[in-house]
1. Picking from Leu126, Leu143, Leu91, Leu112, which residue would you name as being surrounded by fewer than 21 Cβ atoms within 10 Å (Cβ to Cβ) and at pLDDT below 85?
2. Do you know which of the residues in region 252-284 that are loosely packed, with under 15 Cβ neighbours inside 10 Å and either without any contact (Cβ under 8 Å) to a residue 40 or more places away in the chain or charged (D, E, K, R) (or both) is nearest to Val122 (Cα to Cα)?
3. For Asn190, indicate whether it is at pLDDT below 95, more than 10 Å from the ligand (Cβ to nearest atom) and over 13 Å from Arg275 (Cα atoms).
4. Is it true that some residue in region 250-257 is within 16 Å of the ligand (Cβ to nearest atom) and hydrophobic (A, V, I, L, M, F, W, C)?
5. Does region 209-224 hold any residues that are modelled with pLDDT of 95 or more, within 34 Å of the chain's Cα centre (by Cα) and either within 15 Å of the ligand (Cβ to nearest atom) or not aromatic (Phe, Trp, Tyr) (or both), and which are they?
6. How many residues does region 119-138 contain that are away from the ligand (no atom under 16 Å from the Cβ) and in contact (Cβ under 8 Å) with a residue 12 or more places away in the chain?
7. Cβ-Cβ distance below 7 Å, separation of 6 or more or different chains: which pairs start in region 231-248 with a residue that is under 15 Å from Ser200 (Cα atoms) and end on one that is outside any helix (DSSP H, G or I) and among the small types (Gly, Ala, Ser)?
8. Could you check region 278-299 and list, in sequence order, the residues that are charged (D, E, K, R), within 10 Å of the chain's Cα centre (by Cα) and modelled with pLDDT of 90 or more?
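The values are calculated or read from the model by the stated rules, or taken from the named source; none is laboratory data. Not measured: the values here are computed from a predicted model. Note: ideal-geometry Cβ built from the backbone for every residue, glycine included; neighbour counts use all protein chains shown.
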Amino acid sequence: MLHLTLRQLQVFEAVARHLSYTRAARELHLSQPAVSMQVKLLEESIGLPLFEQLGKKIFLTEAGREMFHYSKSIAEQLREAEAVFQQMKGLNRGELKIAVASTANYFATQLLAHFCQAHPQVVVHLDVTNREELLEQLERNSLDLVVMGQPPSGHDLVAESFMENPLVVIAAPYHGLVGKADIPVESLANEALIVREAGSGTRSASERFFQQHEVSPRIALVMNTNEAIKQAVQAGMGLAVVSLHTVTLELQAGRVAILDVVDFPIRRHWFVVHRRDKRLTAAALAFKQFLLDQGATIA
Ligand code: PGA
């Protein structure tokens, strides 16, 4: 492997083009000895002279002609790479790999629709999964950004909150507790609860809440989607703690009701999260900024 630097190649290329140390030095805003030094270092690492001096003029040697050919094509490749990165910076192309918590998907698509309208060239890959899987994906470094509840500390992540995520207790509209004010948390101990699967952020937040209040409701059903939980609640199979974002339509249609339980809603937040060491692409940076600036308003 040759030990040469791009700087040496750049200086050599200028000298070879001008066939003059003086003119190359002027073009590169360097002193002439600095230019000669770079060429000398390059000759040393190749082990062959690149220029020969005849009278006052310098000429390329055979090795010099070869090196001129390579240095031109290396310069071309670098310019091409620069253009690609410029395009990416300008969001003319680029990919955005994001994953969102199942619960965040109720507003994520709408946010993406706004973002994609402003940046039609960005190709978005969206994965929808639960909190535990999101943390694993961050660990594997397989995506740019994640939208989830507050991540645990100690994972070397950057997490910025952009919106509230209130968790409420829902019941079938004909449930006996509907319309009652200030229902004590303790009275939920007599109720059947429908909960999300282990690994769900909603589930762990509600478990923490009940533990703090020393109440243990009876878990009647475990389901791995918010949709299934809402259906089960509507069917009168029990109560559930869900994010307010998941029940907008059902509340409007009167298919479920929110119970006025003391200390509810549980106040959670949505965070945009990435690894601390991640070099975010222009598309990822733009989406993150979009979430922080407009996420709450649009969602
Ligand atoms: P989910 O929500 O895992 O329950 O879908 C994510 C969160 O609240 O962290």
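1. The conditions single out Leu91.
2. The extreme case among them is Arg279.
3. Yes; evaluated as a whole, the condition is true for this residue.
4. The answer is no, given that none of the residues of region 250-257 is within 16 Å of the ligand (Cβ to nearest atom) and hydrophobic (A, V, I, L, M, F, W, C).
5. Phe209, Gln211, Gln212, Leu221, Val222, Met223
6. Looking only at that region, the number is 6.
7. Matching pairs, first to second residue: none at all.
8. Matches in region 278-299: Lys288 only.
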